[in-house]
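To keep things clear, I will list the structure first and then write my remarks on it.
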Amino acid sequence: MSSWTAKRFWKEAQVVAAPGGYTVHLDGRPIKTPTRAALVVPTVAMAAAIAAEWDAQQGVIDPRGMPVTRSANAAIDKVRPQHAEVAALIAEYGGTDLLCYRAGTPPRLVAQQAAAWDPLLDWAETSFGARLTTTVGVVPVPQSATALAALMAQVTAMDDFQLAALHDLVGISGSLVLGLAVAAGRLSAEDAWVISRIDEAWQIAQWGADDEAEAEAEIKRAALIHARRFWELLADPT
């Protein structure tokens with residue numbers, strides 16, 4: 001979609017029932033994905049969000065203003081043909097989960113990490129039977145096969161659209177546990193962002209912020225919040 005230079009040619013975007021879900025028509029013509037597949041989504045709410053994005057376009061089409069459309073395209077064109085591979089890629093984060101790698105000093109940072117991260121590791125154990133091991137430093141710590149299998153089961157059970165959302169929730173936060181917690185409603189996306197950035201926030205407090213890094217971080221924060229919204233649209237029965 002990023003290479004598009006097309007201009008708006010339609011008057012109205014309309015939600016239409018389709019086999020397997022709902023699609024969007026532009027003046028009666030169904031939208032296609034970049035690979036020319038039918039853009040059929042699971043819920044009316046998601047289709048309505050896509051229609052609203054298309055209706056909001058003025059002049060030259062700007063894909064940057066169409067995040068729900070982009071995520072739906074990714075679910076259909078990228079996740080669906082390689083569902084197992086995408087699930088495995090996401091599940092791999094459990095073996096190197098951000099929440100498992102702790103600072104040894106200073107004591108205040110150690111305490112902040114423990115206060116924010118320990119309850120989430122406890123939640124993963126209670127919810128999925130997955131107890132992950134923590135360590136100090138960045139040297140990889142082996143995780144139990146039982147824990148990793150339990151987390152993998154949660155990921156592989158998801159459909160194409162859920163995986164598309166989880167891919168960003170996990171990839172942006174650096175934590176499979178955080179991604180699953182946001183998906184389950186255990187955390188808001190905003191809280192997950194803050195929790196994933198404890199180390200960065202500590203460094204900023206000590207040395208100050210870098211404008212370029214802050215701008216990049218804001219893009220990632222917005223993408224994380226969008227991924228949660230995309231997940232919510234999947235669960236919206238309206």
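Quick note: the coordinates plus some simple rules give every number you see, no bench work behind them. Just so we're clear, the structure is a prediction, and the values are computed from it rather than from any experiment. Neighbour counts are summed over all protein chains in view; Cβ atoms, including those assigned to glycine, are modelled from backbone coordinates with ideal geometry.
Any number yet on Rg/Rh for region 13-81, C-alpha, Kirkwood?
0.93
Starting from the Cα coordinates of region 82-235, work out the convex hull volume and express it per residue in Å³.
Normalising the Cα hull of region 82-235 by residue number yields 110 Å³.
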Can you sort 41, 136 from fewest to most other Cβ atoms within 10 Å of each residue's own Cβ? 136, 41
Among rounded, prolate and oblate, which fits region 78-170 when a ≥ b ≥ c are the square roots of the eigenvalues of its C-alpha gyration tensor, a/c under 1.5 means rounded, and a/b larger than b/c means prolate? prolate
Exposure proxy order (Cβ contacts within 10 Å, fewest to most) of 133, 69: 133, 69
Report, in whole Å, the centroid distance computed from the Cα atoms of region 1-74 and region 199-219. 35
Quickly work out the residue 105-to-residue 222 label distance, labels modelled 7 Å from Cα along the C-beta direction, and quote it in nm with one decimal. 4.1
Once amide H atoms are built 1.01 Å from N in the peptide plane, which residues 5 or more positions from residue 209, or in another chain, come under 5 Å H to H? none
Residue 200 to residue 17: extension gain in nm, 0.36 nm per residue of separation minus the Cα-Cα distance? 61.3 nm
Diffing region 143-155: the Karplus 3J(HN,Hα) column from phi (6.51, -1.76, 1.60, θ = phi - 60°), in whole Hz with x for Gly and Pro, holds 10, 5, 4, 5, 5, 5, 5, 5, 5, 4, 4, 5, 6
